[in-house]
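Please treat every number below as a calculation from the coordinates, not as lab data. It should be emphasised that the depicted structure is a prediction, and the values quoted were computed from it without experimental measurement. Note: ideal-geometry Cβ built from the backbone for every residue, glycine included; neighbour counts use all protein chains shown.
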Amino acid sequence: MHLMPAAVPRRSLDRHAYLFAPAPHTVRDAIYGSVPLSHAAFATLDTAAFQRLRHIKQVGPVFLVYPGATHTRFGHSIGVYHLTRLALQHLTGLADIEPEIGRATLAAALLHDIGHFPYSHVMDEIVVNGSRLSHLELTVELIETDVELRQVLAGAWEVAPQLVVDLLTGRPNPLIPRFLYTLIDGPMDMDKLDYLNRDAHHTGVPYGRVEVQRLIDFLTVDPGTNDLVITEAGVGTVESVIFAKYLMFRYVYWHHTARIAGAMINRAVLDCLLALGRVEHLSVKDPVLRRVCAATDATLEPTLRDLLGEAGLAPPRALELLSRVERRSLFKRAQTVACAVTPLLDERFREALPRRQREAELAALVRDELPVGSPPFFDSDVLIDLPPGAKFAADIRGIALESPDRPLRVVSWEDSPSASYLTTATVAAMEQSLRSALVVCDTHRADGDLIRAALSRIQLVE
């Protein structure tokens, strides 16, 4: 990847030395080779909060399916920083970006996952009474309260921490151009471009790789809305990103084994939070919940045990599911129910407590079928997994039509002259075709096949 676009004006080089000057540090990355790091970026890597990301796997329990997928949020965050730097180098030639805002954008890219929970996005899926734990909320908390991080932002980066928070949360700020928000969090943001390439590389699959530099070269700014759009020549590259995301969800992120492991982790955490009385309002501002969220993959179970012990509570039986995930003693599928065929699944089982209640009902029905004298079959021995929505759509802000004899004109994705087969409706159908609820159970027992057969006959939604 080239690091300095040839057409960048001299004024931009002078104003944006943080982008174009030789970097004092480099790190060797598995995807991009040598990644240049500024003094500020290097100082950020050395903070305790950032070092924690070394111990959180990028794609959670996917390593149980693809053994190479042990890469971490640490490497991914460096990758997003690198791509954002390349994008800013390109965009400074197209629009005016104040140097402090540019530096804040780089800092936001590097810190976007600083508050990530153990096992990637698994714990984000616990929903109780409409509330859920948000790793973005923890990210903001860390930026606003972590003394070491704030010193690095104010000192090395020379930016106000609030600018970084505004960029990450999308909070309107008149100092921040609209297109920079999209660069950090949007349909084609640098986060998505990095994780698709990085996850494909480490899982060893061929279909997640996308041409990041080519897509960056097609970015431009809509003069009417000041939003980030893509030139007409980039439609094909955007299509490749959509296909890559579809295939990665189909074969990697939503692989049934990874989903089963995620369901086991979630049930363990949920039962511990219920025992601790911490499900009324799920927020990282709660000191107990913050300790859970700030754990790592390796320390999640000990943290939960410590919290239960401090409260004088016995660990719930479901806590054992965490150690079972680590030793790959996983539940097995008893039933697969397509969301497209059963639209009530989201209504019934998106919330954790109704889903847990139905799991208890399924367990009771299985117990009725087991012979007298069978080993105990517990409520947590059957689980329901329902993946969240994924949003494959190319809901980019627009396609820029360039012509030598008239001003730049921006049209919607659907109205582009280079019409794509991947319309909003088509992509929504692609997504829905992948989503299925799983009913899974513990088959690591002599009567496992009998239990599995019993569950396969029970209708999930009555």
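Odds and ends about this structure:
- In terms of its alpha-carbon gyration tensor, the stretch 10-241 comes out rounded; the largest-to-smallest axis ratio a/c stays below the 1.5 threshold.
- Computed lengthening from residue 317 to residue 274, 0.36 nm per intervening residue step minus Cα-Cα distance: 14.2 nm
- For the chain: rounded, prolate or oblate by the Cα gyration tensor [a/c cutoff 1.5]: prolate
- Segments 376-385, 284-293 sorted - mean Cβ within 10 Å per residue, highest first: 376-385, 284-293
- Cα gyration tensor shape for the stretch 160-268, rounded if a/c is under 1.5, else prolate or oblate: oblate
- Spatially near lysine pairs across the chain, Cα under 17 Å, sequence gap of 8 or more or different chains: 4
- Helix runs (DSSP H) in the chain reaching 27 Å along axis by Cα, Kyte-Doolittle at least 1.0: 256-276
- The stretch between residue 336 and residue 34 holds 104.3 nm of extra length on full extension. This uses 0.36 nm per residue minus the Cα-Cα distance.
- When 82, 16 are arranged by Cβ crowding within 10 Å, least crowded first, meaning fewest neighbours, the order is 16, 82.
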